[in-house]
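The values are calculated or read from the model by the stated rules, or taken from the named source; none is laboratory data. Just so you know, these numbers come straight off a predicted model, no measurement behind them. Positions of Cβ are generated from backbone atoms using ideal geometry, with glycine treated the same way; all protein chains shown enter the neighbour counts. Heads up: the accessible areas ignore ligands, DNA and RNA and are worked out on the full protein's heavy atoms, side chains in. Shrake-Rupley method; radii C 1.70, N 1.55, O 1.52, S 1.80 Å.
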Amino acid sequence: MKIKNLYMVAGLALVAGLGFTACSDDEYDVKGNPNDLVFLNKATKKNFEGMIYHTPVGDIGSATASFPAQIQRPVDGTVTVGAEPDTSYISKYNEAHGTSYIAAPQEVLNNLEVKTATIKAGEYTTTDSVEVSVRQSDFAKLTEPAYLIPLRVSAKGAVGSEDQGVAYLVVKTGNDFLGFDNTTATTGVVNTPVGVFGGISAEFLPKAVVSLGVDMSVTLKADMSLVDAYNTEHNTTYKALPNDVVSALTVEGTTIASTADAATTPIKVSAPDDKAQSLALGTYLLPMKPVVKANGKEAELDKPVYVVVNVTQSLINDDAKEIVGSEIPADAFTCTAADGLDVNAFSTDGWSFTEKKETAGFTLDLGAEHNLTGFLISGDAIKDYTVEVSTDGNTWTSLGNTAGHSGPSVSAGWYSYTAYMLYGAMKARYVKVSITPNLDYWGWQYIQWGYCSIDKIAFYEK
(Lines give C-alpha, C1' and ligand atoms only; values in the text may rest on other atoms or scores of the structure.)
Protein backbone atom coordinates (compact mmCIF):
# COMPACT_ATOMS: atom_id res chain seq x y z
CA MET A 1 0.00 0.00 0.00
CA LYS A 2 2.75 2.45 0.87
CA ILE A 3 4.72 1.62 -2.28
CA LYS A 4 1.69 2.09 -4.47
CA ASN A 5 0.88 5.45 -2.90
CA LEU A 6 4.51 6.50 -3.22
CA TYR A 7 4.49 5.95 -6.98
CA MET A 8 1.11 7.63 -7.33
CA VAL A 9 2.12 10.78 -5.50
CA ALA A 10 5.54 10.89 -7.12
CA GLY A 11 3.92 10.62 -10.53
CA LEU A 12 1.47 13.42 -9.80
CA ALA A 13 4.30 15.64 -8.57
CA LEU A 14 6.34 15.07 -11.72
CA VAL A 15 3.39 15.83 -13.99
CA ALA A 16 2.85 19.09 -12.15
CA GLY A 17 6.55 19.91 -12.61
CA LEU A 18 7.07 20.09 -8.83
CA GLY A 19 9.97 18.74 -6.77
CA PHE A 20 9.11 15.84 -4.39
CA THR A 21 10.58 14.87 -1.04
CA ALA A 22 9.34 11.62 0.53
CA CYS A 23 8.26 11.58 4.16
CA SER A 24 9.47 8.93 6.57
CA ASP A 25 7.99 5.45 6.24
CA ASP A 26 6.17 5.83 9.56
CA GLU A 27 4.28 8.92 8.38
CA TYR A 28 4.11 8.56 4.64
CA ASP A 29 0.73 6.94 4.28
CA VAL A 30 -0.80 9.99 6.01
CA LYS A 31 1.34 12.90 4.79
CA GLY A 32 1.16 13.46 1.09
CA ASN A 33 -1.39 10.70 0.52
CA PRO A 34 -4.10 11.59 -2.01
CA ASN A 35 -6.70 9.59 -0.05
CA ASP A 36 -8.66 11.09 2.83
CA LEU A 37 -6.98 8.98 5.49
CA VAL A 38 -8.36 8.44 8.97
CA PHE A 39 -5.61 7.81 11.52
CA LEU A 40 -4.61 7.91 15.18
CA ASN A 41 -2.72 11.01 16.22
CA LYS A 42 0.78 10.44 17.64
CA ALA A 43 -0.43 11.71 21.01
CA THR A 44 -3.32 9.25 21.08
CA LYS A 45 -3.03 6.21 23.34
CA LYS A 46 -2.69 3.14 21.16
CA ASN A 47 -1.92 0.33 23.61
CA PHE A 48 -4.60 -1.03 25.91
CA GLU A 49 -4.79 -3.91 28.35
CA GLY A 50 -7.72 -5.91 29.66
CA MET A 51 -7.92 -8.56 32.37
CA ILE A 52 -10.34 -11.46 32.56
CA TYR A 53 -10.63 -13.58 35.71
CA HIS A 54 -12.01 -17.11 35.58
CA THR A 55 -13.79 -17.63 38.91
CA PRO A 56 -16.13 -20.19 40.52
CA VAL A 57 -19.08 -17.88 39.84
CA GLY A 58 -18.24 -17.11 36.24
CA ASP A 59 -15.88 -14.99 34.15
CA ILE A 60 -15.33 -11.45 35.39
CA GLY A 61 -13.35 -8.53 34.03
CA SER A 62 -13.14 -6.28 31.01
CA ALA A 63 -11.18 -5.97 27.79
CA THR A 64 -11.79 -2.67 26.02
CA ALA A 65 -9.86 -0.29 23.82
CA SER A 66 -11.12 3.28 23.42
CA PHE A 67 -9.47 5.89 21.22
CA PRO A 68 -10.32 9.02 19.19
CA ALA A 69 -9.39 9.33 15.54
CA GLN A 70 -8.81 12.15 13.10
CA ILE A 71 -8.83 12.68 9.36
CA GLN A 72 -6.03 13.94 7.17
CA ARG A 73 -8.16 16.75 5.74
CA PRO A 74 -11.78 17.78 6.34
CA VAL A 75 -14.37 16.38 3.89
CA ASP A 76 -17.83 17.50 2.90
CA GLY A 77 -19.72 14.55 4.30
CA THR A 78 -19.87 12.74 7.63
CA VAL A 79 -17.24 10.05 8.23
CA THR A 80 -18.12 7.09 10.44
CA VAL A 81 -15.05 5.59 12.11
CA GLY A 82 -14.87 2.08 13.49
CA ALA A 83 -12.22 -0.61 13.87
CA GLU A 84 -11.76 -4.23 12.92
CA PRO A 85 -9.34 -6.92 14.13
CA ASP A 86 -6.34 -7.60 11.91
CA THR A 87 -4.11 -10.43 13.13
CA SER A 88 -1.48 -9.72 10.46
CA TYR A 89 -0.02 -7.09 12.82
CA ILE A 90 0.68 -9.56 15.66
CA SER A 91 4.10 -10.79 14.51
CA LYS A 92 5.30 -7.24 13.88
CA TYR A 93 4.14 -6.17 17.34
CA ASN A 94 5.80 -9.13 19.04
CA GLU A 95 9.07 -8.48 17.24
CA ALA A 96 9.04 -4.79 18.19
CA HIS A 97 8.11 -5.37 21.85
CA GLY A 98 9.87 -8.66 22.60
CA THR A 99 6.56 -10.39 23.36
CA SER A 100 4.98 -13.66 22.26
CA TYR A 101 1.29 -12.85 22.24
CA ILE A 102 -1.05 -15.03 20.23
CA ALA A 103 -4.24 -14.31 18.30
CA ALA A 104 -7.58 -14.63 20.01
CA PRO A 105 -9.93 -17.34 18.66
CA GLN A 106 -11.60 -16.26 15.44
CA GLU A 107 -15.02 -16.66 17.01
CA VAL A 108 -14.08 -14.09 19.66
CA LEU A 109 -12.74 -11.70 17.03
CA ASN A 110 -15.91 -12.06 14.97
CA ASN A 111 -18.01 -11.13 18.01
CA LEU A 112 -16.14 -8.00 19.09
CA GLU A 113 -18.45 -5.17 20.11
CA VAL A 114 -17.58 -2.00 18.20
CA LYS A 115 -18.95 1.41 19.05
CA THR A 116 -18.27 3.76 16.15
CA ALA A 117 -17.39 7.45 16.31
CA THR A 118 -18.19 10.30 13.93
CA ILE A 119 -16.14 12.97 12.20
CA LYS A 120 -18.55 15.71 11.19
CA ALA A 121 -18.31 17.45 7.84
CA GLY A 122 -15.57 20.07 7.81
CA GLU A 123 -13.97 18.82 11.04
CA TYR A 124 -10.71 17.00 11.73
CA THR A 125 -11.46 14.77 14.73
CA THR A 126 -14.12 12.45 16.01
CA THR A 127 -16.65 13.91 18.42
CA ASP A 128 -16.16 10.88 20.69
CA SER A 129 -14.01 7.73 20.76
CA VAL A 130 -14.09 4.47 18.91
CA GLU A 131 -14.66 1.74 21.49
CA VAL A 132 -13.95 -1.96 20.94
CA SER A 133 -14.71 -4.62 23.57
CA VAL A 134 -14.55 -8.38 23.94
CA ARG A 135 -18.05 -9.66 24.66
CA GLN A 136 -18.50 -11.01 28.17
CA SER A 137 -20.17 -14.10 26.70
CA ASP A 138 -16.82 -14.88 25.04
CA PHE A 139 -14.64 -14.52 28.16
CA ALA A 140 -14.73 -18.25 28.86
CA LYS A 141 -13.27 -18.95 25.40
CA LEU A 142 -10.07 -17.11 26.32
CA THR A 143 -8.11 -19.76 28.21
CA GLU A 144 -4.49 -18.88 27.36
CA PRO A 145 -2.52 -16.45 29.59
CA ALA A 146 -2.48 -13.58 27.07
CA TYR A 147 -3.74 -12.57 23.64
CA LEU A 148 -3.13 -9.63 21.31
CA ILE A 149 -5.94 -8.07 19.31
CA PRO A 150 -4.69 -5.49 16.76
CA LEU A 151 -7.49 -3.08 15.85
CA ARG A 152 -7.19 -1.39 12.47
CA VAL A 153 -9.22 1.76 11.96
CA SER A 154 -11.98 1.48 9.37
CA ALA A 155 -13.89 4.41 7.93
CA LYS A 156 -17.09 4.90 5.97
CA GLY A 157 -16.70 7.99 3.83
CA ALA A 158 -12.89 7.90 3.97
CA VAL A 159 -9.96 5.44 4.11
CA GLY A 160 -8.37 3.98 7.24
CA SER A 161 -4.60 4.42 7.54
CA GLU A 162 -2.63 1.19 7.45
CA ASP A 163 0.42 2.58 9.25
CA GLN A 164 -1.02 5.06 11.73
CA GLY A 165 -4.46 3.60 12.15
CA VAL A 166 -3.79 0.61 14.40
CA ALA A 167 -4.41 0.26 18.14
CA TYR A 168 -3.55 -2.82 20.20
CA LEU A 169 -5.57 -4.56 22.89
CA VAL A 170 -3.70 -7.05 25.08
CA VAL A 171 -6.08 -9.39 26.88
CA LYS A 172 -4.67 -11.22 29.90
CA THR A 173 -6.48 -14.02 31.67
CA GLY A 174 -6.11 -15.94 34.90
CA ASN A 175 -7.85 -17.14 38.01
CA ASP A 176 -5.97 -15.04 40.55
CA PHE A 177 -8.94 -12.97 41.60
CA LEU A 178 -7.47 -12.85 45.10
CA GLY A 179 -4.38 -11.10 46.41
CA PHE A 180 -2.58 -11.09 49.75
CA ASP A 181 -1.14 -8.37 51.96
CA ASN A 182 2.11 -10.34 51.85
CA THR A 183 3.12 -13.23 49.62
CA THR A 184 6.11 -14.40 51.67
CA ALA A 185 6.21 -15.02 55.41
CA THR A 186 9.46 -15.83 57.18
CA THR A 187 9.53 -17.89 60.34
CA GLY A 188 12.36 -19.55 62.21
CA VAL A 189 13.76 -22.13 64.57
CA VAL A 190 16.85 -21.35 66.65
CA ASN A 191 19.13 -23.97 68.16
CA THR A 192 20.93 -22.80 71.33
CA PRO A 193 23.06 -24.55 73.94
CA VAL A 194 20.07 -24.65 76.31
CA GLY A 195 17.40 -25.83 73.90
CA VAL A 196 15.60 -25.30 70.59
CA PHE A 197 13.18 -22.40 70.30
CA GLY A 198 10.72 -21.08 67.74
CA GLY A 199 8.68 -22.94 65.18
CA ILE A 200 6.63 -22.63 62.00
CA SER A 201 3.91 -20.01 62.22
CA ALA A 202 2.77 -17.77 59.37
CA GLU A 203 -0.23 -15.61 58.50
CA PHE A 204 -1.62 -14.40 55.17
CA LEU A 205 -4.52 -11.95 54.84
CA PRO A 206 -6.43 -12.45 51.56
CA LYS A 207 -8.18 -9.62 49.76
CA ALA A 208 -10.43 -9.55 46.72
CA VAL A 209 -8.91 -8.24 43.50
CA VAL A 210 -12.40 -8.34 41.96
CA SER A 211 -15.63 -8.91 43.81
CA LEU A 212 -17.52 -12.13 43.13
CA GLY A 213 -20.66 -10.84 44.81
CA VAL A 214 -20.80 -13.88 47.13
CA ASP A 215 -19.01 -15.01 50.27
CA MET A 216 -15.65 -16.72 49.63
CA SER A 217 -13.99 -19.18 51.99
CA VAL A 218 -10.22 -19.17 51.48
CA THR A 219 -7.55 -21.62 52.60
CA LEU A 220 -4.06 -22.68 51.51
CA LYS A 221 -2.77 -25.99 50.16
CA ALA A 222 0.90 -27.03 50.08
CA ASP A 223 2.42 -27.56 46.61
CA MET A 224 6.02 -28.70 46.99
CA SER A 225 6.46 -29.04 43.20
CA LEU A 226 7.02 -25.26 43.11
CA VAL A 227 10.25 -25.24 45.13
CA ASP A 228 12.62 -25.63 42.16
CA ALA A 229 10.87 -22.87 40.17
CA TYR A 230 11.11 -20.51 43.16
CA ASN A 231 14.84 -21.19 43.59
CA THR A 232 15.46 -20.58 39.90
CA GLU A 233 13.52 -17.32 39.87
CA HIS A 234 15.00 -15.95 43.10
CA ASN A 235 18.52 -17.42 42.77
CA THR A 236 18.16 -19.28 46.07
CA THR A 237 18.94 -22.82 47.19
CA TYR A 238 16.13 -23.38 49.68
CA LYS A 239 15.32 -26.94 50.66
CA ALA A 240 11.80 -28.30 50.32
CA LEU A 241 10.12 -28.60 53.70
CA PRO A 242 10.17 -32.35 54.49
CA ASN A 243 7.02 -34.36 53.82
CA ASP A 244 6.55 -35.36 57.45
CA VAL A 245 6.40 -31.68 58.44
CA VAL A 246 4.12 -30.78 55.52
CA SER A 247 1.69 -33.57 56.38
CA ALA A 248 1.53 -32.32 59.97
CA LEU A 249 0.66 -28.72 59.03
CA THR A 250 -2.43 -27.05 60.38
CA VAL A 251 -4.12 -24.46 58.16
CA GLU A 252 -6.89 -22.27 59.56
CA GLY A 253 -8.85 -20.74 56.67
CA THR A 254 -10.81 -17.53 56.59
CA THR A 255 -13.75 -15.89 54.80
CA ILE A 256 -14.16 -12.81 52.64
CA ALA A 257 -17.75 -11.58 52.90
CA SER A 258 -19.61 -10.66 49.72
CA THR A 259 -19.68 -7.03 50.85
CA ALA A 260 -16.02 -6.84 51.92
CA ASP A 261 -12.76 -6.21 50.07
CA ALA A 262 -10.69 -8.41 52.39
CA ALA A 263 -10.98 -10.99 55.12
CA THR A 264 -11.15 -9.72 58.70
CA THR A 265 -8.87 -12.51 59.97
CA PRO A 266 -5.80 -14.00 58.26
CA ILE A 267 -5.18 -17.55 57.13
CA LYS A 268 -2.95 -19.16 59.75
CA VAL A 269 -0.35 -21.82 58.93
CA SER A 270 1.47 -23.73 61.67
CA ALA A 271 3.27 -26.98 62.42
CA PRO A 272 3.71 -28.88 65.70
CA ASP A 273 6.79 -27.61 67.56
CA ASP A 274 8.30 -31.09 67.78
CA LYS A 275 8.22 -31.37 63.99
CA ALA A 276 9.60 -27.89 63.34
CA GLN A 277 12.29 -28.10 65.99
CA SER A 278 13.57 -31.41 64.62
CA LEU A 279 14.64 -29.77 61.34
CA ALA A 280 18.35 -29.68 60.55
CA LEU A 281 20.12 -26.34 60.10
CA GLY A 282 19.28 -24.66 56.81
CA THR A 283 16.55 -22.71 55.02
CA TYR A 284 13.36 -24.44 53.93
CA LEU A 285 10.57 -23.39 51.58
CA LEU A 286 6.86 -24.16 51.80
CA PRO A 287 4.90 -23.01 48.70
CA MET A 288 1.13 -22.90 49.15
CA LYS A 289 -1.64 -22.43 46.59
CA PRO A 290 -4.83 -20.54 47.55
CA VAL A 291 -8.02 -22.60 47.39
CA VAL A 292 -11.35 -20.74 47.19
CA LYS A 293 -14.87 -22.02 47.69
CA ALA A 294 -17.71 -19.83 46.45
CA ASN A 295 -21.27 -20.48 45.33
CA GLY A 296 -20.82 -24.19 45.96
CA LYS A 297 -17.78 -24.46 43.67
CA GLU A 298 -14.06 -24.76 44.45
CA ALA A 299 -11.07 -23.32 42.58
CA GLU A 300 -7.32 -23.62 43.15
CA LEU A 301 -5.61 -20.38 42.17
CA ASP A 302 -2.35 -20.18 40.22
CA LYS A 303 -0.25 -17.71 42.19
CA PRO A 304 1.19 -19.20 45.40
CA VAL A 305 2.29 -17.70 48.69
CA TYR A 306 5.45 -18.88 50.42
CA VAL A 307 6.57 -19.71 53.93
CA VAL A 308 10.36 -19.49 54.41
CA VAL A 309 11.65 -21.40 57.43
CA ASN A 310 15.12 -20.48 58.71
CA VAL A 311 16.68 -23.04 61.02
CA THR A 312 19.73 -21.47 62.61
CA GLN A 313 22.13 -21.90 65.48
CA SER A 314 22.68 -19.07 67.94
CA LEU A 315 24.88 -18.74 71.01
CA ILE A 316 23.32 -15.40 72.02
CA ASN A 317 21.80 -15.44 75.50
CA ASP A 318 18.72 -13.20 75.47
CA ASP A 319 18.37 -13.46 79.24
CA ALA A 320 21.72 -11.82 79.96
CA LYS A 321 21.14 -8.69 82.04
CA GLU A 322 24.70 -7.36 82.31
CA ILE A 323 28.04 -7.43 80.56
CA VAL A 324 29.94 -10.65 81.21
CA GLY A 325 33.70 -10.10 81.26
CA SER A 326 35.65 -7.00 80.29
CA GLU A 327 36.09 -5.11 77.04
CA ILE A 328 39.10 -6.19 74.99
CA PRO A 329 41.50 -3.30 74.30
CA ALA A 330 40.91 -2.25 70.71
CA ASP A 331 44.37 -0.85 69.89
CA ALA A 332 45.47 -4.22 68.48
CA PHE A 333 42.44 -4.72 66.18
CA THR A 334 43.21 -4.86 62.46
CA CYS A 335 40.65 -4.84 59.65
CA THR A 336 41.75 -7.42 57.08
CA ALA A 337 38.78 -7.17 54.69
CA ALA A 338 35.70 -4.98 54.24
CA ASP A 339 32.69 -4.70 51.96
CA GLY A 340 30.91 -1.34 51.81
CA LEU A 341 33.43 0.19 54.23
CA ASP A 342 36.98 1.45 53.84
CA VAL A 343 39.58 -1.01 55.23
CA ASN A 344 42.13 1.76 55.60
CA ALA A 345 39.77 3.99 57.60
CA PHE A 346 38.86 1.35 60.20
CA SER A 347 38.23 2.59 63.73
CA THR A 348 36.32 0.94 66.58
CA ASP A 349 35.04 4.38 67.62
CA GLY A 350 33.49 5.33 64.28
CA TRP A 351 33.69 3.87 60.80
CA SER A 352 31.71 5.20 57.84
CA PHE A 353 30.00 3.21 55.09
CA THR A 354 31.30 4.01 51.63
CA GLU A 355 28.15 3.08 49.68
CA LYS A 356 24.49 2.23 50.13
CA LYS A 357 23.88 -1.44 49.32
CA GLU A 358 21.86 -4.41 50.55
CA THR A 359 24.79 -6.15 52.26
CA ALA A 360 28.03 -5.07 53.88
CA GLY A 361 30.59 -6.52 56.24
CA PHE A 362 34.13 -6.76 57.49
CA THR A 363 36.68 -9.13 59.01
CA LEU A 364 38.91 -8.31 62.00
CA ASP A 365 42.10 -9.78 63.39
CA LEU A 366 41.93 -9.24 67.16
CA GLY A 367 45.70 -9.59 67.40
CA ALA A 368 45.61 -12.61 69.70
CA GLU A 369 43.31 -15.41 70.73
CA HIS A 370 40.62 -14.41 73.25
CA ASN A 371 37.80 -16.10 75.16
CA LEU A 372 34.87 -14.06 73.80
CA THR A 373 31.83 -13.62 76.04
CA GLY A 374 29.96 -11.08 73.90
CA PHE A 375 30.08 -8.37 71.26
CA LEU A 376 28.68 -4.96 70.36
CA ILE A 377 28.48 -3.40 66.90
CA SER A 378 26.13 -0.46 66.55
CA GLY A 379 25.04 2.28 64.16
CA ASP A 380 21.81 3.84 62.87
CA ALA A 381 22.59 2.57 59.37
CA ILE A 382 22.61 -1.05 60.61
CA LYS A 383 19.44 -3.17 60.62
CA ASP A 384 20.98 -6.39 61.98
CA TYR A 385 24.18 -8.38 61.67
CA THR A 386 25.70 -11.84 62.03
CA VAL A 387 28.97 -12.51 63.86
CA GLU A 388 31.24 -15.48 63.08
CA VAL A 389 34.47 -16.33 64.90
CA SER A 390 37.54 -18.37 64.05
CA THR A 391 40.83 -19.30 65.68
CA ASP A 392 42.68 -19.85 62.39
CA GLY A 393 40.86 -17.64 59.87
CA ASN A 394 39.67 -20.68 57.92
CA THR A 395 37.07 -22.51 60.03
CA TRP A 396 34.24 -20.30 61.24
CA THR A 397 31.54 -20.70 63.91
CA SER A 398 28.45 -18.49 63.82
CA LEU A 399 27.48 -16.81 67.06
CA GLY A 400 24.11 -15.91 65.52
CA ASN A 401 22.28 -12.98 63.95
CA THR A 402 21.16 -10.13 66.17
CA ALA A 403 17.64 -9.91 64.66
CA GLY A 404 15.13 -10.77 67.36
CA HIS A 405 17.78 -10.97 70.08
CA SER A 406 18.29 -8.74 73.09
CA GLY A 407 21.03 -7.95 75.58
CA PRO A 408 22.26 -5.49 78.18
CA SER A 409 22.59 -1.80 77.39
CA VAL A 410 25.96 -0.06 77.28
CA SER A 411 26.16 3.72 77.77
CA ALA A 412 28.74 5.88 76.03
CA GLY A 413 28.33 9.63 76.37
CA TRP A 414 24.91 10.68 75.08
CA TYR A 415 24.26 7.30 73.53
CA SER A 416 23.43 3.77 74.62
CA TYR A 417 24.11 0.58 72.68
CA THR A 418 22.95 -3.03 72.88
CA ALA A 419 25.55 -5.68 73.67
CA TYR A 420 24.93 -9.37 73.01
CA MET A 421 26.19 -11.92 75.52
CA LEU A 422 26.93 -15.59 74.79
CA TYR A 423 25.84 -18.64 76.73
CA GLY A 424 29.50 -19.55 77.11
CA ALA A 425 32.90 -18.17 76.11
CA MET A 426 34.12 -18.86 72.57
CA LYS A 427 37.79 -18.92 71.58
CA ALA A 428 38.48 -16.49 68.77
CA ARG A 429 41.21 -14.48 67.15
CA TYR A 430 39.35 -13.58 63.95
CA VAL A 431 35.85 -12.09 63.72
CA LYS A 432 33.71 -11.88 60.58
CA VAL A 433 30.69 -9.56 60.62
CA SER A 434 27.95 -9.69 57.94
CA ILE A 435 25.70 -6.60 58.03
CA THR A 436 22.18 -6.00 56.75
CA PRO A 437 22.08 -2.20 56.35
CA ASN A 438 18.96 -0.23 57.28
CA LEU A 439 18.18 1.06 53.80
CA ASP A 440 15.31 3.22 55.14
CA TYR A 441 17.66 5.26 57.31
CA TRP A 442 17.43 8.96 56.40
CA GLY A 443 21.19 9.49 56.68
CA TRP A 444 22.02 7.69 53.43
CA GLN A 445 21.41 10.91 51.52
CA TYR A 446 24.27 12.42 53.52
CA ILE A 447 26.61 9.44 53.32
CA GLN A 448 29.44 11.60 51.99
CA TRP A 449 29.40 13.56 55.25
CA GLY A 450 29.73 10.50 57.47
CA TYR A 451 26.11 10.26 58.63
CA CYS A 452 26.06 6.52 57.84
CA SER A 453 28.52 4.85 60.14
CA ILE A 454 29.30 2.12 62.59
CA ASP A 455 29.43 4.11 65.81
CA LYS A 456 30.97 1.54 68.11
CA ILE A 457 32.63 -1.90 67.95
CA ALA A 458 33.48 -3.82 71.11
CA PHE A 459 34.25 -7.39 72.13
CA TYR A 460 34.22 -8.78 75.64
CA GLU A 461 36.28 -11.57 77.23
CA LYS A 462 36.55 -13.29 80.57
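Tabulated values for the structure
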read-out: Qualifying positions in region 191-207 - open to solvent by 20 Å² or more (accessible area, probe 1.4 Å) and in a loop (DSSP other than H, G, I, E, B); value: 193, 194, 205
read-out: Residues within region 289-341 that are more than 31 Å from the chain's Cα centre (by Cα) and surrounded by 13 or more Cβ atoms within 10 Å (Cβ to Cβ), tallied; value: 16
read-out: Failed item in (1) open to solvent by less than 40 Å² (accessible area, probe 1.4 Å); (2) more than 26 Å from residue 356 (Cα to Cα); (3) in contact with an Asp or Glu (Cβ under 9 Å, 6 or more places away or on another chain), with residue 429 passing the rest; value: (1)
read-out: Any hit, region 227-245, residues being open to solvent by 20 Å² or more (accessible area, probe 1.4 Å) and in contact with a Lys or Arg (Cβ under 6 Å, 6 or more places away or on another chain); value: no
read-out: Filter pass, residue 154 being of a type in the set (Ser, Thr, Tyr), surrounded by 15 or more Cβ atoms within 10 Å (Cβ to Cβ) and either assigned to a strand (DSSP E or B) or within 23 Å of the chain's Cα centre (by Cα) (or both); value: yes
read-out: Among the residues listed as 221, 268, 275, the single one being among the basic types (Lys, Arg), within 20 Å of residue 313 (Cα to Cα), touching a residue at least 12 places away in the same chain (Cβ under 8 Å) and open to solvent by 40 Å² or more (accessible area, probe 1.4 Å); value: 275
read-out: Subset of region 68-87 [within 24 Å of residue 135 (Cα to Cα) and out of contact with any Pro (no Cβ under 8 Å at 6 or more places or on another chain)]; value: 68, 69, 80, 81, 82, 83, 84
read-out: Flag for residue 104 being in contact with a Phe, Trp or Tyr (Cβ under 6 Å, 6 or more places away or on another chain) and either of a type in the set (Asp, Glu) or open to solvent by less than 50 Å² (accessible area, probe 1.4 Å) (or both); value: yes
read-out: Hits in region 53-73 - residues which are exposed (fewer than 15 other Cβ atoms within 10 Å of the Cβ) and over 31 Å from the mean Cα position of the chain (by Cα); value: 73
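Condition check ((1) outside any helix (DSSP H, G or I); (2) out of contact with any Asp or Glu (no Cβ under 9 Å at 6 or more places or on another chain); (3) at pLDDT 95 or above) across all residues:
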{"residue": "76", "(1), (2), (3)": "yes, yes, no"}
{"residue": "91", "(1), (2), (3)": "no, yes, yes"}
{"residue": "95", "(1), (2), (3)": "no, yes, yes"}
{"residue": "100", "(1), (2), (3)": "yes, yes, yes"}
{"residue": "104", "(1), (2), (3)": "yes, no, yes"}
{"residue": "107", "(1), (2), (3)": "no, no, yes"}
{"residue": "127", "(1), (2), (3)": "yes, yes, no"}
